[in-house]
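Step one of this worksheet: look at the structure below.
The values are calculated or read from the model by the stated rules, or taken from the named source; none is laboratory data. Treat the numbers as computed from the prediction; the structure is a model and nothing was measured. Note: ideal-geometry Cβ built from the backbone for every residue, glycine included; neighbour counts use all protein chains shown. Calculation scope for accessible area: heavy atoms of the full protein, side chains included, ligands and nucleic acids excluded. Shrake-Rupley method; radii C 1.70, N 1.55, O 1.52, S 1.80 Å.
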Amino acid sequence: FAFCWIVDYPMFEKDEITNKIEFSHNPFSMPQGEINNLNFDKPLEIKAFQYDIVCNGIELSSGAIRNHSPDLMYKLFSIAGYSKDQVNEKFSGMINALSYGAPPHGGIAPGIDRIVMLLANEKNIREVTLFPLNQNAQDLLMDAPSEVSDKQLKELGLKKDFKKN
């Protein structure tokens with residue numbers, strides 16, 4: 001087993017196809033450094049407080065220092081092309097929770113299913129875990145299934161086709 005501890009993630013990266021700035025890993029992480037001294041005009045130079053434990057190329061644990069400032073979160077999401085309304089719509093749970101004044105906090109979460117996948121020598125996580133769905137095949141925690149954007153469909157080479165039976 002070859003283990004690796006990954007730190008100093010870039011907060012953003014440039015999409016090679018669209019040339020748009022996107023989050024590189026976890027959009028809810030705190031950027032490194034003094035917030036007042038960050039150069040938001042050079043987002044590709046901003047590093048995030050994120051860390052992962054990887055074994056044999058498989059992410060086993062992921063962690064971060066959480067961005068606990070709604071204003072900073074709106075700023076970072078705006079760099080990635082999200083409007084304040086989009087952030088409120090897509091991430092309302094996070095924004096609402098942080099609006100009560102959460103203190104700085106962080107942590108790391110081991111993916112037990114990923115560890116089992118590695119130990120069982122499986123290539124697909126679905127071979128070792130069940131996803132918590134209700135009787136209607138919904139994941140209420142993640143609000144899934146949810147509306148799929150045209151961008152997501154295009155990325156996957158899919159199109160909507162509503163045929164009546």
Unit charges on C-beta of K, R, D, E only; dipole of the range 78-162, Debye: 200
Listed residue (N124, A102, L156) projecting farthest to the positive dipole end of the chain, Cβ model: L156
Accessible surface, the range 86-153, averaged per residue in Å² (probe 1.4 Å): 81
Surface share of carbon and sulfur [accessible, 1.4 angstrom probe, percent] for the chain: 52
Cβ-based net charge around K14, under 13 Å, with every Lys or Arg adding one and every Asp or Glu removing one: -3
For R114, solvent-accessible area (1.4 Å; no DNA, RNA or ligand), Å²: 90
Percentage relative contact order, the range 1-133, counting C-alpha pairs under 8 Å, at least six apart: 23
Peptides 97-107, 24-34 ordered by average Cβ neighbours within 10 Å, highest first: 24-34, 97-107
Out-of-range pairs (alpha-carbon distance over 31 Å; input K20/K163; K42/K90; K42/K160; K20/K90; K75/K163): K20/K163; K42/K160; K75/K163
Eligible aspartates and glutamates near K14 by straight Cα distance, threshold 15 Å, same-chain separation 8 or greater: E22, D41, E45
For the chain, size of Cβ-based charge dipole, Lys and Arg +1, Asp and Glu -1, in debye: 380
